[in-house]
Amino acid sequence: MSSRGTVAVVRVEDLHKRYQADGPEAVAGIDFEVREGEIFGLLGPNGAGKTTTIGTITTRVRPTSGRVLVDGVDVGEDPVSAKLRIASVPQLSNLDRALTALENLTFHASYFGAPRRERRERARELLGRFGLGGRENDHVNNYSGGMAQRLMIARALMHQPRLLILDEPTTGLDPQSRLFLWDTMVDLRERGTTLILTTHDMIEADRLCDRIAIIDGGKIIALDTPTRLRRLLPAEHGVEVTVAANADPSPAFTAVSGTERTEARPAGDGRWRVRLYGEDDGRNGGLPEQALSAAQSGGLELIELKRLEGSLEDVFVHLTGRELRGADGARVSGRWS
Ligand SMILES: Nc1ncnc2c1ncn2[C@@H]1O[C@H](COP(=O)(O)OP(=O)(O)OP(=O)(O)O)[C@@H](O)[C@H]1O
Ligand SMILES: [Mg+2]
């Protein structure tokens with residue numbers, strides 16, 4: 001924890017990006033800092049502007065206005081020296097499919113000036129660690145999607161970057177590779193690398209990130225530690241009761257005192273899940289006790305009863321809504337007609 005100080009490795013200042021002159025803004029005025037030695041998460045629905053934001057840091061995307069500093073270097077003014085400090089794993093594969101796996105890694109490292117012998121050794125070691133040993137001379141064309149993803153991560157680790165940027169790195173990985181990558185990220189952080197991560201996996205974000213920015217419609221709508229983000233939920237406290245029922249059983253729970261809001265949803269298989277949100281003041285045995293007796297008095301078979309603790313996913317849905325996002329990031333109805 002000690003080195004997670006206040007030095008900004010990345011500063012993004014009033015960033016705007018419009019891909020077409022008359023089109024909408026993919027990024028509509030974003031400011032944030034990534035501190036030395038932290039894992040910084042970018043979360044947001046499809047089309048929110050995460051990859052665009054990251055692209056401006058890695059110099060792939062030219063901002064319409066605003067600026068990005070990496071280690072104090074303005075990436076617009078000096079993209080070459082900015083790029084030398086950054087390693088990135090893009091969302092879409094940019095491996096050279098005409099090369100073998102080993103060549104993809106060693107060619108990449110030559111760009112960073114590593115000696116030839118060292119490059120080959122490091123490449124073989126990384127390929128081994130990512131379970132690609134024995135396949136190093138295969139052309140990338142013959143790799144599966146998950147293998148290609150692992151190769152891109154290995155490539156990013158060919159030089160010791162000061163800043164590692166990973167755009168949905170665990171999408172498409174099997175559970176073993178995902179766990180290995182999580183360990184690798186934590187390990188890199190301990191060794192002083194600063195990481196920026198985008199993900200749709202809330203458990204991943206919660207576990208790994210020191211701070212998270214939630215982006216929607218090209219704007220940051222929240223930025224904080226996972227713990228403090230959870231406190232944004234209006235009623236993260238309460239209980240969730242799953243009962244056997246063919247119709248909404250929530251009327252049975254109206255007498256539970258301390259409930260501020262009730263939500264009921266079918267849970268399949270003739271089950272309903274009822275959430276009673278409210279601060280548990282311990283009256284009448286507290287919320288769980290009351291929910292239990294309400295289910296019994298209502299003649300409902302109880303399947304599960306648990307205390308609600310807001311998850312990061314709840315926060316995300318609370319802030320960004322439940323609707324699917326269309327091509328332009330606008331909300332669309334997600335229902336089958
Ligand atoms: N090269 C491009 N040309 C035109 N529009 C683009 C381009 N890249 C992205 N956009 C648009 O910019 C908006 C933001 O896209 P972006 O890829 O940054 O979203 P994202 O948050 O990374 O989404 P996802 O979770 O789907 O990866 C979208 O409306 C997208 O269609
Ligand atoms: Mg993206």
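How would segment 1-82 be classified by its alpha-carbon gyration tensor: rounded, prolate or oblate, with rounded meaning a/c under 1.5 and the a/b versus b/c comparison settling the rest?
Oblate, because a/c is 1.5 or more while a/b does not exceed b/c.
By its C-alpha gyration tensor, with a ≥ b ≥ c as the square roots of the eigenvalues, how is segment 83-142 shaped: rounded for a/c under 1.5, else prolate for a/b larger than b/c, else oblate?
Because a/c hits 1.5 or more and a/b fails to exceed b/c, segment 83-142 counts as oblate.
Test of understanding: in a Gaussian network model of the chain with alpha carbons linked when under 10 Å, which of Arg265, Arg62, Arg18 would top the mean-square fluctuation ranking?
Checking each option, the largest mean-square fluctuation is seen for Arg265.
Work out the length of the dipole vector of the chain about its Cα centre, built from +1 on the beta-carbon of each Lys and Arg and -1 on the beta-carbon of each Asp and Glu, and round it to the nearest 20 debye.
980
Which distance in Å, rounded to a whole number, links the C-alpha centroids of segment 241-318 and segment 73-111?
51
Check the chain and count each lysine pair with an alpha-carbon distance under 21 angstrom, considering only pairs eight or more places apart or from different chains.
5
In µm²/s, what is D for segment 54-95 at 10 °C and 1.306 mPa s, where D = kT/(6 pi eta Rh) by Stokes-Einstein and Rh is the Kirkwood radius from Cα pairs?
Estimated via Stokes-Einstein, D reaches 148 µm²/s.
Please compute, for the alpha-carbon atoms of segment 238-309, the extent along each of the three principal axes and give them in descending order in Å.
For segment 238-309, the Cα spread along each principal axis is 33, 24, 17 Å.
With springs connecting C-alpha atoms under 10 Å apart, model the chain as a Gaussian network and identify which of Arg307, Arg150, Arg11 has the largest mean-square fluctuation.
Residue with maximal mean-square fluctuation among Arg307, Arg150, Arg11: Arg307.
May I ask you to derive the relative contact order of the chain, considering only C-alpha pairs under 8 Å and at least 6 residues apart, and to give it as an integer percent?
This gives 18 percent for the chain.
Quote the FRET efficiency, to the nearest 0.05, computed for Asn94 versus Thr227 with a Förster distance R0 of 41 Å and r equal to the Cβ-Cβ distance.
0.70
Karplus couplings for segment 117-127 from phi (6.51 cos²θ - 1.76 cosθ + 1.60, θ = phi - 60°), rounded to Hz, Gly and Pro as x?
Karplus-based 3J(HN,Hα) across segment 117-127 equals 4, 4, 4, 5, 5, 5, 4, 5, 4, 5, 4 Hz.
Which shape class applies to segment 124-224: rounded if a/c is under 1.5, otherwise prolate when a/b exceeds b/c and oblate if not, where a ≥ b ≥ c are the square roots of the Cα gyration tensor eigenvalues?
It is prolate, given that a/c is not under 1.5 and a/b is the larger ratio.
Given H placed on each backbone N at 1.01 Å, which residues far from Gly29 in sequence or on other chains put an amide H within less than 5 Å of it?
Leu15, His16, Lys17
If every alpha-carbon in segment 8-230 counts as one equal scatterer, what log10 I(q)/I(0) does Debye give at q = 0.09, 0.15, 0.16, 0.17 1/Å?
Normalising to I(0) and taking log10 leaves -0.36, -1.00, -1.12, -1.25.
Put +1 on the Cβ of each Lys and Arg and -1 on the Cβ of each Asp and Glu in segment 8-230; which of Ile220, Thr198, Pro24 then has its Cα farthest toward the positive end of the dipole?
Value: Thr198.
Would you kindly derive the ³J(HN,Hα) couplings of segment 290-295 from the backbone phi angles with the Karplus curve 6.51 cos²θ - 1.76 cosθ + 1.60 (θ = phi - 60°), listing them in order in whole Hz, with x for Gly and Pro?
Per residue, the Karplus-derived 3J(HN,Hα) values read 5, 4, 4, 6, 5, 5 Hz.
Quick one: Karplus J couplings for segment 78-88, per residue in order, coefficients 6.51, -1.76, 1.60, θ = phi - 60°, nearest Hz, x for Gly and Pro?
9, x, 5, 6, 5, 5, 5, 8, 10, 10, 9
Read the figures in this text as sums done on the coordinates, not as results from a lab. Keep in mind the model is a prediction, meaning the values are calculated, not measured. With ideal geometry, Cβ positions are generated from the backbone for all residues, glycine too; neighbour counts draw on all protein chains shown.
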